[in-house]
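Remarks on the structure that follows.
Values quoted throughout were computed directly from the atomic coordinates according to the rules given, and no laboratory measurement underlies them. In this text, all values refer to a predicted model and were calculated from it rather than measured experimentally. Quick reminder, even Gly has a Cβ in these numbers, built from the backbone with ideal geometry, and neighbours come from all protein chains shown.
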Amino acid sequence: MLGEYWITGSRASDIAASVEAGIGSGALVPGALLPPMRELAGVLGVNPNTVAAAYRTLRERGVIETDGRRGSRVRGRPASAPRDELRMAVPPGTRDVASGNPDVRLLPALDEALARAARRYAQAPTLYGDDPVVPELERLARADLDADGVPVGPVGVTSGALDGIERVLGAHLRPGDAVAVEDPGWGSVLDLAAALGLRVVPVAVDDDGPVAAAVERVLAEGARALLVTSRAQNPTGAAVSGDRAAELRAVLARYPEVLVVDDDHGHGIVDLPLHSLGGVTRHWALVRSAAKAYGPDLRLAVLTGDAVTLDRVRGRQRLGPGWVSRLLQYATVELWTSGVVDRAAVARSYGERRDGLVAALRERGVVAHGRTGMNVWVPVADETAAVTRLLAAGWAVAPGGWFRVESGPGIRITVSGLALDELPSLAAAVTASTRPTTSARFD
């Protein structure tokens, strides 16, 4: 069942640690079936309740999953396994359109902004007890949020979008709670939910965002939170339209206790308006990352939401990292106010490549999706075959399995590293490597 790997331990914590050690070393591979609890208890000479507690701990950490009589298995993306180890190796000479990174040519140089931030810091070094949010950044963020129609709320700063999402979920949910997540959706969110011990409930998505009927169904079934990507959805490029937002707000009005989290990580690189879902329910939050517009290494995102949620997030943050470095906040203010990033030009650049690829595929009879952002999603009949054939043709694409729960197979193509004259050859390779599909939804 486990090959030559032996699970050891006499306490629940030791047994759980032994399983995680096996996963970390590669001895227990994703999908490996674990021994039944009574069988393992007999081998280890412990009470079956001890093994049950160990398995429960592993489930809450997102390490294993249990499927009734089929038993417990190592998750396909165990939260204890470094994501770098799950990335596909790109052979030399192969064009990498799988990474999901922004175009480095569109990112601003950070040296001047950091130098000005350092000079400002030298005049007034940050000390314990200082306000965790730089007032200028708070004013800039609030003005931007107001312009986009986001309800008034306190402003916080986190170390990136995923950090903000984790803190908001942790402020309201507990292991075992159900959280509704877009399917297909951001793989890191799927892993995060599992690592927090949350039960992922998939919600169907089309080009206009989460399908309202699907959201209604999962909320009626007891989902306690809904995560929505406002624009530049990863991996499909979906963006919540005005009409879809109205439908979703009508649904959410019937479930006022549901936590709503808007992920607006595409802010600064998109040209479609934001349609926020904040303010309909009692507890909500919107997260805006600086990563795509200014650089992933800034590790900064702006967070707003209802007063209770922000108070809980900031209170817990004080007990951990304390605050996001004011040096990074100062640098972000410098970048934001200097106009060094032409947001319209950035959005146009990504749009030309994204729309160009979608059009080139359409001309060849291949359905593709990508309303906003830097990714294109192509539904395929056989995901593994498509990825393998494209790799042989010199293109490394991301397999849809990184982003899916129940939705149909597909591949994700990141356009940020492409030149316009490469689009025809890539479209031809995709066409030759896939069988056409006709679905307007990603299921």
**Complete:** To the nearest 0.05, the calculated FRET efficiency linking Ala52 and Ala345 through their beta-carbon distance, R0 being 51 Å, is 0.35
**Request:** Normalising by the residue count of the stretch 111-338, find the relative contact order in percent from Cα pairs under 8 Å and 6+ residues apart.
**Result:** 27 percent
**Request:** Quick one: net charge around Gly373, please, counting Lys, Arg +1 and Asp, Glu -1 for every other residue with C-beta under 9 Å from its C-beta.
**Result:** +4
**Item:** Unit charges on C-beta of K, R, D, E only; dipole of the chain, Debye
**Value:** 700 debye
**Asked** Fully extended, how many nm does the chain gain between Arg105 and Arg362 (0.36 nm per residue separation, minus their Cα-Cα distance)?
**Response** 89.7 nm
**Prompt:** By its C-alpha gyration tensor, with a ≥ b ≥ c as the square roots of the eigenvalues, how is the stretch 111-338 shaped: rounded for a/c under 1.5, else prolate for a/b larger than b/c, else oblate?
**Reply:** prolate
**Environment charge of Arg142, counting only residues whose C-beta is closer than 12 Å and scoring Lys/Arg +1, Asp/Glu -1** = -3
**Mean Cα-pair separation over length for the chain, i.e. relative contact order, pairs under 8 Å, 6 or more apart, %** = 18 percent
**Request:** Exposed loop GluC sites (Glu not before Pro) only (DSSP loop, at most 15 other Cβ atoms within 10 Å): please give the longest stretch of the chain free of them, not including the sites.
**Result:** 5-220
**Ellipticity estimate at 222 nm from DSSP helix runs (n ≥ 4, -39,500 (n - 2.57)) divided over the chain, nearest 500** = -12000 deg cm²/dmol
**Asked** What residue among Ala232, His265, Ala214 has its Cα farthest toward the positive end of the dipole of the stretch 111-338, where the charges are +1 on Lys, Arg and -1 on Asp, Glu, each on the Cβ?
**Response** His265
**Item:** Cleavage-rule hits, trypsin sites (Lys or Arg not before Pro), the stretch 202-300, DSSP coil, Cβ neighbours within 10 Å at most 15
**Value:** Arg254, Arg282
**Message:** Are there any trypsin sites (Lys or Arg not before Pro) in the stretch 351-391 that are in a DSSP loop and have at most 16 other Cβ atoms within 10 Å? List them by number.
**Reply:** Arg364
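I need the shape label for the stretch 146-226. Rule: rounded when a/c is under 1.5, else prolate if a/b > b/c, else oblate, with a, b, c from the alpha carbon gyration tensor. The partial results should precede the final answer.
Values: a/c = 1.60, a/b = 1.15, b/c = 1.39.
Since a/c reaches 1.5 but b/c is at least a/b, the shape of the stretch 146-226 is classed as oblate.
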**Request:** For the stretch 219-327, just say rounded, prolate or oblate: build the C-alpha gyration tensor, square-root its eigenvalues into a ≥ b ≥ c, call rounded for a/c under 1.5, and beyond that prolate if a/b exceeds b/c, oblate if not.
**Result:** oblate
**Asked** Where is the GNM fluctuation largest for the chain (alpha-carbon springs, 10 angstrom cutoff): Asp262, Asp208, Asp421?
**Response** Asp421
**Message:** Less than 11 Å Cβ to Cβ from Thr414, Lys/Arg counted +1 and Asp/Glu -1: what total charge do the surrounding residues give?
**Reply:** +2
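In cubic angstrom, how much convex hull volume per residue do the alpha carbon atoms of the chain span?
Per-residue hull volume (Cα only) is 159 Å³.
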